[in-house]
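The values are calculated or read from the model by the stated rules, or taken from the named source; none is laboratory data. Given the structure is predicted, the values throughout are model-derived calculations rather than measurements. Don't worry about glycine lacking a Cβ; one is built from the backbone with ideal geometry, like all the others, and counts go over all protein chains shown. Each accessible area value is taken on the protein alone, full model and side chains, heavy atoms only, with ligands, DNA and RNA left out. Shrake-Rupley method; radii C 1.70, N 1.55, O 1.52, S 1.80 Å.
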Amino acid sequence: MMYYLIAGERSGDLHGGNLIKAIRQHDSDARFRAWGGEQMEEAGATLVRHYREMAFMGFLEVVQNLGTIRRNLRDCQQDLLATRPDVLILIDYAGFNLRMARFAKKHGIQVFYYISPKVWAWNQKRALKIKAVVDRMFVIFPFEVGFYTQFDYNVDYVGNPLMDAIAAFRPDPGFREKYRLSDKPVIALLPGSRRQEVFQMLPAMLETVRHFPDYQFVVSGVSNLPESLYKTAMTTSPDLPIVVDDAYNLLAVADAALVTSGTATLETALLNTPEVVCYKTSWISFEVAKRLIAVSYISLVNLILDREAVKELTQHLLTTENLIRELGKILPGGSSHARQQADYAELREKVGGPGASDRAGELMVQYLRTSKR
(Lines give C-alpha, C1' and ligand atoms only; values in the text may rest on other atoms or scores of the structure.)
Protein backbone atom coordinates (compact mmCIF):
# COMPACT_ATOMS: atom_id res chain seq x y z
CA MET A 1 0.00 0.00 0.00
CA MET A 2 1.00 3.60 -0.57
CA TYR A 3 1.27 5.93 2.45
CA TYR A 4 1.56 9.70 2.12
CA LEU A 5 2.80 11.49 5.27
CA ILE A 6 2.93 15.21 6.11
CA ALA A 7 4.91 16.67 9.03
CA GLY A 8 5.66 20.38 9.19
CA GLU A 9 8.34 20.50 11.89
CA ARG A 10 11.26 18.66 13.40
CA SER A 11 9.41 16.66 16.07
CA GLY A 12 6.84 15.48 13.53
CA ASP A 13 9.65 14.30 11.28
CA LEU A 14 11.09 12.24 14.15
CA HIS A 15 7.75 10.59 14.90
CA GLY A 16 7.02 10.14 11.20
CA GLY A 17 10.31 8.31 10.74
CA ASN A 18 9.53 5.93 13.59
CA LEU A 19 5.99 5.42 12.29
CA ILE A 20 7.29 4.48 8.84
CA LYS A 21 9.57 1.86 10.41
CA ALA A 22 6.62 0.48 12.38
CA ILE A 23 4.30 0.31 9.36
CA ARG A 24 6.97 -1.65 7.46
CA GLN A 25 6.82 -4.31 10.18
CA HIS A 26 3.15 -4.92 9.39
CA ASP A 27 3.09 -4.16 5.64
CA SER A 28 6.14 -5.50 3.85
CA ASP A 29 5.03 -3.95 0.55
CA ALA A 30 4.53 -0.46 2.00
CA ARG A 31 5.67 2.53 -0.05
CA PHE A 32 6.01 6.03 1.40
CA ARG A 33 5.97 9.58 0.12
CA ALA A 34 6.41 12.47 2.54
CA TRP A 35 6.62 16.13 3.32
CA GLY A 36 9.00 16.07 6.27
CA GLY A 37 12.71 15.77 6.86
CA GLU A 38 15.77 13.59 7.25
CA GLN A 39 14.19 11.11 9.68
CA MET A 40 11.39 10.19 7.31
CA GLU A 41 13.73 10.07 4.35
CA GLU A 42 16.18 7.80 6.19
CA ALA A 43 13.26 5.52 7.11
CA GLY A 44 12.60 5.03 3.41
CA ALA A 45 10.16 7.74 2.31
CA THR A 46 10.52 9.68 -0.91
CA LEU A 47 10.89 13.24 0.37
CA VAL A 48 8.85 15.78 -1.60
CA ARG A 49 9.59 18.89 0.45
CA HIS A 50 11.57 19.60 3.62
CA TYR A 51 9.78 20.99 6.67
CA ARG A 52 12.26 23.88 6.85
CA GLU A 53 10.21 25.45 4.04
CA MET A 54 6.99 25.08 6.06
CA ALA A 55 7.71 25.96 9.70
CA PHE A 56 6.31 29.37 10.63
CA MET A 57 5.69 30.31 14.26
CA GLY A 58 3.01 32.70 15.56
CA PHE A 59 0.07 34.49 14.00
CA LEU A 60 2.07 37.43 12.63
CA GLU A 61 4.69 35.18 11.09
CA VAL A 62 2.00 33.10 9.39
CA VAL A 63 0.38 36.23 7.93
CA GLN A 64 3.75 37.45 6.66
CA ASN A 65 4.33 34.14 4.86
CA LEU A 66 0.84 33.53 3.46
CA GLY A 67 2.17 33.43 -0.11
CA THR A 68 4.59 30.60 0.71
CA ILE A 69 1.94 28.70 2.69
CA ARG A 70 -0.57 28.91 -0.17
CA ARG A 71 2.06 27.76 -2.64
CA ASN A 72 2.95 24.80 -0.40
CA LEU A 73 -0.72 23.84 -0.09
CA ARG A 74 -1.24 24.00 -3.83
CA ASP A 75 1.88 21.94 -4.54
CA CYS A 76 0.95 19.36 -1.92
CA GLN A 77 -2.60 19.03 -3.25
CA GLN A 78 -1.34 18.54 -6.80
CA ASP A 79 1.16 15.90 -5.70
CA LEU A 80 -1.47 14.08 -3.63
CA LEU A 81 -3.81 13.82 -6.63
CA ALA A 82 -0.94 12.75 -8.90
CA THR A 83 0.06 9.86 -6.61
CA ARG A 84 -3.39 8.86 -5.21
CA PRO A 85 -2.09 7.09 -2.04
CA ASP A 86 -4.13 4.56 -0.09
CA VAL A 87 -4.04 6.90 2.90
CA LEU A 88 -2.90 10.38 3.87
CA ILE A 89 -1.26 10.36 7.32
CA LEU A 90 -1.09 13.78 8.96
CA ILE A 91 1.25 14.44 11.88
CA ASP A 92 0.30 17.37 14.16
CA TYR A 93 0.91 20.74 12.33
CA ALA A 94 -2.77 21.69 12.44
CA GLY A 95 -3.03 24.78 10.22
CA PHE A 96 -1.62 23.11 7.11
CA ASN A 97 -2.71 19.55 7.78
CA LEU A 98 -6.38 20.24 8.46
CA ARG A 99 -6.62 21.96 5.08
CA MET A 100 -5.01 18.91 3.49
CA ALA A 101 -7.45 16.65 5.38
CA ARG A 102 -10.44 18.50 3.88
CA PHE A 103 -8.90 18.33 0.42
CA ALA A 104 -8.13 14.59 0.66
CA LYS A 105 -11.59 13.77 2.01
CA LYS A 106 -13.20 15.70 -0.85
CA HIS A 107 -11.22 13.63 -3.36
CA GLY A 108 -11.93 10.25 -1.78
CA ILE A 109 -8.58 9.64 -0.10
CA GLN A 110 -8.64 8.12 3.39
CA VAL A 111 -7.25 10.38 6.13
CA PHE A 112 -5.48 9.28 9.31
CA TYR A 113 -4.22 11.77 11.88
CA TYR A 114 -1.29 10.83 14.13
CA ILE A 115 -0.69 13.18 17.09
CA SER A 116 -3.80 15.29 17.38
CA PRO A 117 -3.81 19.03 16.79
CA LYS A 118 -4.06 20.76 20.16
CA VAL A 119 -7.73 21.61 19.71
CA TRP A 120 -8.22 21.18 23.45
CA ALA A 121 -6.00 24.24 23.97
CA TRP A 122 -8.04 26.72 21.93
CA ASN A 123 -11.16 26.80 19.70
CA GLN A 124 -12.27 23.40 20.99
CA LYS A 125 -15.18 23.12 18.55
CA ARG A 126 -12.60 22.45 15.84
CA ALA A 127 -12.96 18.85 17.06
CA LEU A 128 -16.21 18.68 15.07
CA LYS A 129 -14.38 19.76 11.91
CA ILE A 130 -11.73 17.11 12.54
CA LYS A 131 -14.42 14.47 13.03
CA ALA A 132 -15.89 15.41 9.64
CA VAL A 133 -12.67 15.05 7.62
CA VAL A 134 -10.45 12.58 9.53
CA ASP A 135 -11.30 8.88 9.27
CA ARG A 136 -9.07 7.75 12.15
CA MET A 137 -7.39 9.76 14.89
CA PHE A 138 -4.44 8.36 16.87
CA VAL A 139 -3.81 10.37 20.06
CA ILE A 140 -0.76 10.37 22.35
CA PHE A 141 -2.15 11.80 25.60
CA PRO A 142 -4.71 9.91 27.75
CA PHE A 143 -6.83 13.02 28.37
CA GLU A 144 -7.39 13.44 24.63
CA VAL A 145 -9.65 10.35 24.56
CA GLY A 146 -12.08 11.98 26.98
CA PHE A 147 -11.87 15.30 25.16
CA TYR A 148 -12.93 13.80 21.83
CA THR A 149 -15.63 11.69 23.49
CA GLN A 150 -17.43 14.97 24.27
CA PHE A 151 -17.88 15.33 20.52
CA ASP A 152 -18.98 11.72 19.99
CA TYR A 153 -15.72 10.91 18.23
CA ASN A 154 -13.94 7.66 19.08
CA VAL A 155 -10.17 7.90 18.82
CA ASP A 156 -7.31 5.46 19.38
CA TYR A 157 -4.89 6.14 22.25
CA VAL A 158 -1.50 4.68 21.31
CA GLY A 159 0.81 6.19 23.95
CA ASN A 160 3.49 8.82 23.48
CA PRO A 161 6.04 8.22 20.68
CA LEU A 162 8.65 10.25 22.55
CA MET A 163 9.05 7.25 24.82
CA ASP A 164 10.20 5.20 21.81
CA ALA A 165 12.97 7.68 21.04
CA ILE A 166 13.99 7.98 24.68
CA ALA A 167 13.96 4.20 25.24
CA ALA A 168 16.28 3.81 22.25
CA PHE A 169 18.67 6.51 23.49
CA ARG A 170 22.04 5.43 24.89
CA PRO A 171 24.25 8.22 26.31
CA ASP A 172 27.55 8.69 24.53
CA PRO A 173 30.37 8.32 27.09
CA GLY A 174 32.63 10.38 24.83
CA PHE A 175 30.20 13.29 24.47
CA ARG A 176 32.20 15.83 26.50
CA GLU A 177 35.42 15.00 24.69
CA LYS A 178 33.69 15.11 21.29
CA TYR A 179 32.57 18.71 21.83
CA ARG A 180 35.63 19.73 23.88
CA LEU A 181 33.61 20.48 26.99
CA SER A 182 35.41 21.00 30.28
CA ASP A 183 34.71 19.17 33.53
CA LYS A 184 32.57 22.06 34.79
CA PRO A 185 28.86 21.26 35.26
CA VAL A 186 26.68 22.04 32.25
CA ILE A 187 23.61 24.23 31.70
CA ALA A 188 21.90 23.45 28.37
CA LEU A 189 20.21 26.08 26.23
CA LEU A 190 17.51 24.78 23.87
CA PRO A 191 16.28 27.79 21.86
CA GLY A 192 13.99 25.82 19.50
CA SER A 193 14.17 24.48 15.98
CA ARG A 194 12.64 27.39 14.05
CA ARG A 195 14.50 30.43 12.80
CA GLN A 196 12.15 32.85 14.59
CA GLU A 197 12.52 30.99 17.87
CA VAL A 198 16.32 31.13 17.82
CA PHE A 199 16.28 34.89 17.12
CA GLN A 200 13.77 35.51 19.92
CA MET A 201 14.89 33.06 22.58
CA LEU A 202 18.65 32.55 22.41
CA PRO A 203 19.69 36.17 23.19
CA ALA A 204 17.37 36.17 26.22
CA MET A 205 18.80 32.86 27.49
CA LEU A 206 22.38 34.05 27.03
CA GLU A 207 21.82 36.96 29.43
CA THR A 208 22.12 34.45 32.28
CA VAL A 209 25.61 33.21 31.37
CA ARG A 210 27.73 35.68 33.34
CA HIS A 211 25.61 35.13 36.46
CA PHE A 212 26.60 31.44 36.75
CA PRO A 213 30.40 31.44 36.41
CA ASP A 214 30.75 27.96 37.93
CA TYR A 215 28.84 26.43 35.00
CA GLN A 216 29.54 26.04 31.30
CA PHE A 217 26.63 26.89 29.01
CA VAL A 218 26.12 24.82 25.86
CA VAL A 219 23.71 25.66 23.03
CA SER A 220 21.64 22.92 21.41
CA GLY A 221 21.43 23.54 17.66
CA VAL A 222 19.73 21.80 14.74
CA SER A 223 21.20 21.06 11.34
CA ASN A 224 18.24 22.45 9.41
CA LEU A 225 19.29 25.94 10.55
CA PRO A 226 22.65 27.44 9.51
CA GLU A 227 25.39 27.92 12.09
CA SER A 228 25.52 31.58 11.07
CA LEU A 229 22.03 32.04 12.49
CA TYR A 230 23.21 30.93 15.93
CA LYS A 231 26.35 33.06 15.73
CA THR A 232 24.25 36.13 14.88
CA ALA A 233 22.12 35.52 17.96
CA MET A 234 25.15 34.86 20.21
CA THR A 235 26.81 38.28 20.16
CA THR A 236 27.02 38.44 23.96
CA SER A 237 28.59 34.95 24.22
CA PRO A 238 30.10 34.15 20.82
CA ASP A 239 32.44 31.41 22.05
CA LEU A 240 29.89 29.07 23.62
CA PRO A 241 29.93 25.56 22.14
CA ILE A 242 27.04 24.59 19.86
CA VAL A 243 25.97 20.94 19.88
CA VAL A 244 24.12 20.10 16.65
CA ASP A 245 21.43 17.39 16.48
CA ASP A 246 22.55 15.87 19.78
CA ALA A 247 20.13 17.31 22.34
CA TYR A 248 19.60 14.05 24.22
CA ASN A 249 23.32 13.64 24.97
CA LEU A 250 23.51 17.29 25.99
CA LEU A 251 20.54 16.94 28.34
CA ALA A 252 22.02 13.72 29.74
CA VAL A 253 25.10 15.60 31.04
CA ALA A 254 23.32 18.86 31.97
CA ASP A 255 22.46 19.87 35.53
CA ALA A 256 19.67 22.12 34.20
CA ALA A 257 18.24 23.55 30.99
CA LEU A 258 16.49 26.62 29.63
CA VAL A 259 14.03 25.29 27.06
CA THR A 260 11.81 26.99 24.50
CA SER A 261 8.21 25.83 24.80
CA GLY A 262 7.39 22.87 22.56
CA THR A 263 8.05 19.14 22.40
CA ALA A 264 11.54 19.70 23.87
CA THR A 265 10.02 20.60 27.25
CA LEU A 266 8.58 17.09 27.54
CA GLU A 267 11.76 15.45 26.24
CA THR A 268 13.82 17.36 28.81
CA ALA A 269 11.56 16.22 31.63
CA LEU A 270 11.48 12.59 30.50
CA LEU A 271 15.29 12.66 30.42
CA ASN A 272 15.12 13.92 34.04
CA THR A 273 16.88 17.26 33.45
CA PRO A 274 15.55 20.17 35.57
CA GLU A 275 14.23 22.94 33.34
CA VAL A 276 12.77 26.40 33.03
CA VAL A 277 10.36 26.80 30.11
CA CYS A 278 10.74 29.97 28.03
CA TYR A 279 8.56 31.49 25.34
CA LYS A 280 8.29 34.82 23.58
CA THR A 281 6.74 35.84 20.30
CA SER A 282 5.69 39.04 18.55
CA TRP A 283 3.34 41.33 20.47
CA ILE A 284 0.52 40.79 17.96
CA SER A 285 0.86 36.99 18.06
CA PHE A 286 0.87 37.02 21.85
CA GLU A 287 -2.19 39.27 22.13
CA VAL A 288 -4.16 37.09 19.71
CA ALA A 289 -3.06 33.86 21.40
CA LYS A 290 -3.95 34.87 24.94
CA ARG A 291 -7.52 35.62 23.84
CA LEU A 292 -7.92 32.21 22.22
CA ILE A 293 -6.03 29.76 24.44
CA ALA A 294 -8.32 27.72 26.69
CA VAL A 295 -5.69 26.03 28.89
CA SER A 296 -3.73 27.30 31.88
CA TYR A 297 -0.25 26.20 30.76
CA ILE A 298 1.88 26.23 27.60
CA SER A 299 4.33 23.41 28.39
CA LEU A 300 3.38 19.77 27.85
CA VAL A 301 4.84 18.86 31.25
CA ASN A 302 2.39 21.11 33.10
CA LEU A 303 -0.52 20.22 30.82
CA ILE A 304 -0.09 16.50 31.47
CA LEU A 305 0.34 16.94 35.25
CA ASP A 306 -2.32 19.69 35.37
CA ARG A 307 -0.17 21.86 37.63
CA GLU A 308 2.96 24.02 37.44
CA ALA A 309 5.70 21.43 37.76
CA VAL A 310 8.09 23.50 35.65
CA LYS A 311 8.26 27.29 35.71
CA GLU A 312 6.94 28.99 32.58
CA LEU A 313 8.43 32.38 31.75
CA THR A 314 6.43 33.83 28.88
CA GLN A 315 6.46 37.16 27.07
CA HIS A 316 6.89 40.01 29.63
CA LEU A 317 7.89 37.49 32.33
CA LEU A 318 10.89 36.40 30.29
CA THR A 319 13.36 38.79 31.91
CA THR A 320 16.99 38.26 32.86
CA GLU A 321 16.10 38.69 36.53
CA ASN A 322 13.41 35.99 36.38
CA LEU A 323 15.61 33.63 34.40
CA ILE A 324 18.44 33.94 36.92
CA ARG A 325 16.13 33.38 39.87
CA GLU A 326 14.29 30.37 38.42
CA LEU A 327 17.46 28.76 37.05
CA GLY A 328 19.07 29.02 40.47
CA LYS A 329 16.09 27.26 42.04
CA ILE A 330 16.38 24.13 39.88
CA LEU A 331 20.15 23.65 40.04
CA PRO A 332 21.44 21.03 42.52
CA GLY A 333 20.81 22.36 46.02
CA GLY A 334 18.19 24.83 44.76
CA SER A 335 14.79 25.17 46.43
CA SER A 336 12.85 23.60 43.53
CA HIS A 337 15.31 20.88 42.51
CA ALA A 338 13.96 17.95 44.55
CA ARG A 339 10.31 18.84 43.93
CA GLN A 340 10.80 18.97 40.18
CA GLN A 341 12.51 15.59 40.20
CA ALA A 342 9.53 14.11 42.08
CA ASP A 343 7.15 15.67 39.57
CA TYR A 344 9.15 14.16 36.73
CA ALA A 345 8.72 10.68 38.25
CA GLU A 346 4.94 11.16 38.27
CA LEU A 347 5.08 12.45 34.69
CA ARG A 348 6.84 9.32 33.47
CA GLU A 349 4.11 7.20 35.10
CA LYS A 350 1.41 9.16 33.28
CA VAL A 351 3.10 9.15 29.88
CA GLY A 352 3.69 5.39 29.98
CA GLY A 353 6.30 3.22 28.32
CA PRO A 354 7.55 2.82 24.74
CA GLY A 355 5.65 1.17 21.88
CA ALA A 356 3.46 4.03 20.59
CA SER A 357 4.95 3.97 17.10
CA ASP A 358 4.41 0.24 16.71
CA ARG A 359 0.86 0.38 18.10
CA ALA A 360 -0.03 3.22 15.74
CA GLY A 361 1.57 1.51 12.74
CA GLU A 362 -0.15 -1.82 13.40
CA LEU A 363 -3.57 -0.18 13.83
CA MET A 364 -3.17 1.86 10.66
CA VAL A 365 -2.37 -1.21 8.57
CA GLN A 366 -5.30 -3.11 10.13
CA TYR A 367 -7.76 -0.30 9.44
CA LEU A 368 -6.60 0.06 5.85
CA ARG A 369 -6.86 -3.67 5.13
CA THR A 370 -10.32 -3.81 6.69
CA SER A 371 -11.51 -0.85 4.60
CA LYS A 372 -10.41 -2.61 1.38
CA ARG A 373 -12.32 -5.82 2.01
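Here are the numbers for this structure:
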| read-out | value |
| --- | --- |
| Whole-Å distance, taken between Cα centres, linking the stretch 219-255 and the stretch 137-214 | 14 |
| Cα-centre dipole for the chain with unit charges at Cβ (Lys and Arg positive, Asp and Glu negative), debye to 20 | 1380 |
| By accessible area with a 1.4 Å probe, ligands and nucleic acids excluded, highest first: order of Ser237, Ser296 | Ser296, Ser237 |
| Apportionment of accessible area to carbon and sulfur, the chain, percent (1.4 Å) | 50 |
| Candidates Thr263, Thr314, Thr232: whichever shows maximal mean-square fluctuation once the chain is modelled as a Gaussian network with Cα springs under 10 Å | Thr232 |
| Percent breakdown of C-alpha pair distances by 5 Å bin, ordered from the shortest bin, for the stretch 156-203 | 4, 14, 11, 14, 20, 22, 9, 3, 2, 0 |
| Whether the stretch 150-302 is rounded, prolate or oblate, judged on the alpha carbon gyration tensor where a/c under 1.5 counts as rounded | oblate |
| Dimensionless Rg ratio for the stretch 94-186, taking C-alpha atoms and the 2.2 N^0.38 Å reference | 1.58 |
| Positive-pole candidate from Pro142, Ile166, Ser182, dipole of the stretch 142-234, charges at beta carbon | Ser182 |
| Unsatisfied cross-links (Cα-Cα over 24 Å) in the set Lys21/Lys129; Lys21/Lys372; Lys21/Lys125; Lys184/Lys329; Lys21/Lys106; Lys118/Lys311 | Lys21/Lys129; Lys21/Lys125; Lys21/Lys106 |
| Whole-number Å³ per residue for the convex hull built on Cα positions in the chain | 135 |
| Probe 1.4 Å, accessible area per residue of the stretch 214-275, Å² | 32 |
